[in-house]
């Protein structure tokens, strides 16, 4: 029964990619210069945005990209669960909060995927989700588009083995 808790999951190692996504999402200038709220929710939104860029690309690639995408989402929510608990949210409230975050996550991924590379559509989605309704600056949209273009030209091997060279730091 408990052995499954300690068994490593089979599939691609996504820890370097996850780390690169989180590093890209937590770059200080996103918060200091581009108006992303430096709050728990603001960091969630920025991490979700960067996760979406990678997940959209992984959906376009052949297997085992699908397994990498699922492992990445699992890792993201494991980290989010830990962060919520670290914030002091009680065990009873965690599942409810996680459900809310999951719904928001999948809705935002769909919105960013639908916006594609259209700067105007991306600005609307970023403003609504990341900036709490404020207008996204051209610099922020350009930063996201540059990240999006780098990710869209990456192979699965590049994403898994050299993610820090693809995603901004």
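Nothing in this text is a laboratory measurement; each read-out follows from the coordinates by a stated rule. Not measured: the values here are computed from a predicted model.
Considering Cα pairs under 8 angstrom that are at least six residues apart, work out the relative contact order of segment 1-143 and quote it in whole percent.
Once divided by the residue count of segment 1-143, the mean separation gives 26 percent.
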ask   = Separation of segment 15-92 and segment 94-142 by C-alpha centroid, Å?
value = 13
ask   = Quick one: what does P(r) look like for the chain with 5 Å bins over all Cα pairs, in whole %?
value = 1, 8, 17, 21, 21, 16, 9, 4, 1, 1, 0
